[in-house]
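One structure below.
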Amino acid sequence: MKLSHAFVGLLWVSVARATIVNDILEAIKNAVSCTSCHALLVPLKTLAALGDGPFDNTIIAICKATKLVDADVCEGIIKTQGPIIAHDLRSINPLGQTATKLCDALLGLCQAPTVNKYTVSFPKPPPTNPRKFITSGKTPFQVVHFSDIHIDRQYTTGSETNCTKPICCRNYADQKGPIAVAAAPMGEYKCDTPAGLAQNLLRSISAENRFSIFTGDVIEDESHLLLQVTSANHPMNPQFYYSRSDDSESAPTNDFPRTTTTKNATDMQWVYDTQSAGWTPLVGATAASQVAHYSGSYSIVAPGTNLRIISINTVYWYKVNFWLYDSDAFQADPNGILAFTIQELQAAEDAGQRAWIIAHMPPGRYDAMHDQSNYFDQIVQRYRNTIAGQFYGHSHQDEFMISYSDYKKQTAANAVSIGWIAPSITPRGGNPAFKVYDVDPDTYEIMDAKVYSSDLMNPTHNVQPTWGLYYSARSTYGSLLGGIPATQPLSPAFWHNVTKLFETNDAAFQMYQTFRTRGVSPIICDAKCKAVTICDMRAMRAENGCTVPAPGKYFRRGSEDIDADAPLHVDDCEGVNIGHLLSAVTNGFVRFLPPFQQRD
């Protein structure tokens, strides 16, 4: 009997796939270094060549066999992100630089390669006599900064807080047994934000503040909730500036194709168009048009001020945006975010304005692309007289980062810019918190940063959350430095001196660690951890940071306390992605694999 070409093709794919799977499993067992990660990408690339379906189904089968996460989690993550990884693998050399970066992002088995040399060009040289911004001692005005609200529309009071899913406090159909720890109505430390808590926060923000800045991380439909609640509660104070550089507003999460990506990419322009339309009442037609045309970035002069707010989309510099690995051709400025930043900073300089840069991801984080972080730092150096502050979120922690004119000689005199990183509103990992800045009306520098939080353990929290002052940076750190003159801002030099204080005053450093985690589960640091933490504070340029990916970012190979039935938990606001699954499989969970059986 003559076999059809289609049947022969399917038979060949099945046989080839079985052989490739064995190669992949063998490569997984040996994936302990950067070199072996490249070796793993070779059979994965061969599998990807068979198509998205075979690639996804094979990785799903491996994921399910490990019992690392529930079966539905394996399918949900891999079906959304698997096609992107498959497309990447088909498009690149598995032994090239892009592959090294992919190994860094996916498995933590490679360190970021050396920064590609690139000199950023500017429309004008620095002015010979830059304008000086001098305070007249006027009363500061207030600005609210909050971030990472993570509203969970599926949050269900009474549901399980210790679940086996990446996000708990939801009703899941496969929930087994009685509820062990029931979710409270106004939030849990292991869960994202119930809508009621978010609404309470926005209603609690005083209308006396000049404006608010929100540095991202909220799913798309929730941005309109923020707009509605803010407008309803601040009818006389509509200024609300939103950083569009979220890493959770796309589907799949974090993944935004570059403008150069033409094959198999989901067009994300609808996200920017929706954002542009929704936020026109807040930022005006001109800035809203920029949102649509500059991949979510925009610029606006805050009414009644000489301050230009520049919101940039740093998701195109984010390691876990897997569309960034679909070409071996080097791109210095994906989607023109750097060019837009220069354009707006030059406009501010020409107009004699100060500027604030707001974005979601701090460019000095370990999950920022080193190339773009370096190029952004060149921009900061060029316009350091114009930039009065930088404001970020993403880490969920209350932190700061310093930019230096000379990273080989980090001194107070060389500290040129400060990045303010807001704690998160989501209770996941700590009490929900936000910052209120006292801003000098002449220089637009920060005179004080006060953190307000709501304690989940307070007996009244689940009846009516109360937002109280947690601490004042000026009072706390200024006093430890022997006082600070009334007209002196919390400048980059001030924060450098704080890091020097931490080196010699361990009690002050441990207090910072408690503040950093919003009063819950403070990070206990030994001498090595402390040195890394201080190094990271001094590294607004990512290549100078000391936190580096390590094999088994989430699970350590050889660790004897790995629990095959434990849920997969991750930090920050990435959510669980395909990289976490592969990292866990290659770093310890492979021993839980039963003999692999082919699945279609």
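For segment 76-147, the calculated P(r), taken from all Cα-Cα distances in 5 Å bins from zero up to the bin holding the longest distance, is 3, 10, 10, 11, 9, 8, 11, 9, 9, 9, 8, 3, 0 percent. When the listed pairs 64/101; 408/528; 319/408; 408/450 are checked against a 23 Å cut-off, the alpha-carbon distance exceeds it for 64/101; 319/408; 408/450.
Give me log10 I(q)/I(0) at q = 0.24, 0.27 Å⁻¹ for segment 273-323, Debye formula, one equal scatterer per alpha-carbon, no solvent. These q points yield log10 I(q)/I(0) values of -0.87, -0.99. The convex hull defined by the C-alpha atoms of segment 118-186 has an orientation-averaged projected area of 12.1 nm². Principal axis extents of the Cα atoms in segment 351-433, from largest to smallest and rounded to whole angstrom, are 38, 31, 24. Going by a ≥ b ≥ c, the root eigenvalues of the Cα gyration tensor, does segment 32-116 fall in the rounded group (a/c under 1.5), the prolate group (a/b larger than b/c) or the oblate group? Verdict is prolate for segment 32-116. A simple packing score, the average count of other Cβ atoms within 10 Å per residue, orders the peptides 331-338, 382-389 as 382-389, 331-338, with the highest score first.
Dipole size of segment 333-378 about its Cα centre, with +1 on Lys/Arg Cβ and -1 on Asp/Glu Cβ: approximately 160 debye, rounded to the nearest 20. For segment 90-97, backbone phi angles converted through the Karplus equation (6.51, -1.76, 1.60; θ = phi - 60°) give residue-by-residue couplings of 5, 9, 10, 7, x, 10, x, 5 Hz, Gly and Pro being listed as x.
Dividing the C-alpha radius of gyration of segment 68-225 by 2.2 N^0.38 Å, with N its residue count, gives 1.57. Residues 19, 443, 128, 135 in ascending order of nearby Cβ atoms (within 10 Å, fewest first): 128, 19, 135, 443. Rg of the Cα atoms in segment 404-526, relative to 2.2 N^0.38 Å, amounts to 1.16. Under 1.5 on a/c is rounded, so check that first for segment 436-481, then, if it is not, pick prolate when a/b is larger than b/c and oblate when it is not; a ≥ b ≥ c are the square roots of the alpha carbon gyration tensor eigenvalues. In terms of gyration-tensor shape, oblate. Database remark: amide H of residue 307 closer than 5 angstrom to the amide H of 302 (H placed geometrically; neighbours at sequence offset of 5 or more, or on other chains; Pro and chain starts carry no H).
Taken together, the values in this text are just the output of simple stated rules run on the coordinates, not laboratory data. In this text, all values refer to a predicted model and were calculated from it rather than measured experimentally. Cβ sites come from the backbone with ideal geometry, for glycine too, and all protein chains shown count toward neighbours.
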